[in-house]
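Undergrad: Here it is, the structure in full.
What follows draws every value from the coordinates through simple rules; no lab data is involved. In this text, all values refer to a predicted model and were calculated from it rather than measured experimentally. Positions of Cβ are generated from backbone atoms using ideal geometry, with glycine treated the same way; all protein chains shown enter the neighbour counts.
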């Protein structure tokens, strides 16, 4: 098996993660930081400010990469102060080619 085949075999199923991050996560570089982590993991999607001090993160790609992004969101390494992260998993919708801040 080639290196590429090993990487592909370990990539796993494709998934869509929607995470709502609560806390002091607006105006502190949180969306930029999230975008950087997502791109490092090869994910596409968005990070969007919502009312009530929340950011919605939508990421699509290999399930294991989405899980790693979710772990990063909860790690305490993110800018600001994350108080709670709610998550929802679903099938990817596709159609995205980048990870954007909104």
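Undergrad: Identify, please: which residue in region 35-52 is buried (at least 16 other Cβ atoms within 10 Å of the Cβ) and out of contact with any helix residue (DSSP H, G or I) (no Cβ under 7 Å at 6 or more places or on another chain) and is, among those, nearest to residue 93 (Cα to Cα)?
TA: That would be 44.
Undergrad: Those residues that are in a helix (DSSP H, G or I) and surrounded by fewer than 19 Cβ atoms within 10 Å (Cβ to Cβ), I need them from region 53-102; list them, please.
TA: Selection gives 63, 64, 67, 68, 70, 71, 72, 74.
Undergrad: Are any residues in region 77-102 on the phi > 0 side of the Ramachandran plot and in contact (Cβ under 8 Å) with a residue 12 or more places away in the chain, and if so, which ones? Before you say what the answer is, go through the steps one by one.
TA: Going through region 77-102, the residues on the phi > 0 side of the Ramachandran plot turn out to be 80, 94-95.
Within region 77-102, 80, 94 meet the criteria.
Undergrad: If residue 36 satisfies all but one of (1) within 18 Å of residue 22 (Cα to Cα); (2) not in a loop (DSSP other than H, G, I, E, B), what's the number of the condition it fails?
TA: For residue 36, the failing item is (1).
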